[in-house]
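The values are calculated or read from the model by the stated rules, or taken from the named source; none is laboratory data. This is a predicted model, so every value here is computed, not measured. Because the Cβ atoms are built from the backbone with ideal geometry, glycine has one as well, and the counts that use them run over all protein chains shown.
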Amino acid sequence: MSGALFGDELLERPRRELAPGAVHVPGWLTLEQQAWIAERFREWSAGPVPPRAAAVRGHEMSVKTVCLGWHWQPYRYTREATDVNGARVLPLPDWLERVGRLAVAEAYGPSKTVRQYAPDTALVNYYDEDARMGMHQDKDEVSRAPVVSLSVGNSCLFRFGNSESRARPYEDLVLASGDLFVFGGPARLAFHGVMKTYPGTAPAGCGLETGRINITLRVTGLD
Ligand SMILES: O=C(O)CCC(=O)C(=O)O
């Protein structure tokens, strides 16, 4: 029987609730789903708005982001990417909205609230081998519905902290290709960031040979 098909590496990375409302589900996406996402990322990157490094307080981020549904720029959402080329961003595809619902159901269990979860934006980040993301809160959304994070490609060292400051207490964990991380409820405004990525760790068949893609699905609460 094939070890690749039925490998037991997930036994070493069990599903875990890091804090109330913050759930890590390793290996949630199949390789086929990861490769599909990587392929869509290439399509989204073709425009109308290309991936760009947002400038935060005058410094360009090392991560490049392409947005769907709503365009995020520090520190607001707009329909048109006025800090890039003025074009309207692509709509959030239905399948990604459904993935968001499935993810929240996976993290918290099925409920009426979960069935009504309807993300309206995706921030799709690309990390090259040197990219990272400083500790921050996702707080430009009016809604405090959960954030769903999906990872494809190289693993990264993800830091998940508290809602008060960037300082300790925080926990470092590895997010690998296919992992799901959901943070909502009391963890919704926790500071978090990506300390580094691990080059050469993208699994064969995930659709990405170098770098890392991370998608966060969010509910803006805007009309
Ligand atoms: O890349 C990640 O895992 C986190 C991304 C993130 O924190 C964000 O987009 O706000």
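Taking E164 as meeting all but one of (1) over 16 Å from the mean Cα position of the chain (by Cα); (2) at positive phi, write down the number of the exception.
Here E164 meets the rest and fails (2).
The conditions are (1) of a type outside the set (D, E, K, R); (2) in a strand (DSSP E or B); (3) more than 25 Å from E97 (Cα to Cα), and V148 fails exactly one of them. Which is it?
In the conditions (1) of a type outside the set (D, E, K, R); (2) in a strand (DSSP E or B); (3) more than 25 Å from E97 (Cα to Cα), V148 misses (3) alone.
Identify the residue in the range 152-176 that is charged (D, E, K, R) and more than 15 Å from the ligand (Cβ to nearest atom) and, among all such residues, is surrounded by the fewest Cβ atoms within 10 Å (Cβ to Cβ). Outline the logic, then answer.
Our first condition is that a residue be charged (D, E, K, R); within the range 152-176, this holds for 159, 164, 166, 168, 171-172.
Filter again for more than 15 Å from the ligand (Cβ to nearest atom), leaving 164, 168.
On the way: E164: 10, R168: 8.
Result: R168.
Scan (1) touching a Lys or Arg at 6+ places or on another chain (Cβ under 6 Å); (2) over 25 Å from P93 (Cβ atoms) for the single condition E164 breaks and write down its number.
That leaves (1) as the condition not met.
Provide a single number: the residues in the range 192-206 that are surrounded by 22 or more Cβ atoms within 10 Å (Cβ to Cβ) and part of a loop (DSSP other than H, G, I, E, B).
Going through the range 192-206 one residue at a time, the tally reaches 2.
Surrounded by 20 or more Cβ atoms within 10 Å (Cβ to Cβ) and charged (D, E, K, R): which single residue out of D223, D140, D130, D179 fits that description? Please lay out each step first, then the result.
Details: D223 fails: surrounded by 20 or more Cβ atoms within 10 Å (Cβ to Cβ); D140 fails: surrounded by 20 or more Cβ atoms within 10 Å (Cβ to Cβ); D130 fails: surrounded by 20 or more Cβ atoms within 10 Å (Cβ to Cβ).
Every option except D179 fails the conditions.
Residue check, L189 against (1) surrounded by fewer than 19 Cβ atoms within 10 Å (Cβ to Cβ); (2) near the ligand (Cβ under 10 Å from one of its atoms), all met but one. Which one?
(2)
What residue, of V84, V66, V124, is over 16 Å from F181 (Cα atoms), within 16 Å of the ligand (Cβ to nearest atom) and modelled with pLDDT of 95 or more?
On the way: V84 fails: within 16 Å of the ligand (Cβ to nearest atom); V124 fails: over 16 Å from F181 (Cα atoms).
Answer to the check: V66.
Taking the options G58, G7, G69, name whichever one is closer than 26 Å to W95 by Cβ and not acidic (D, E).
The unique qualifying residue is G69.
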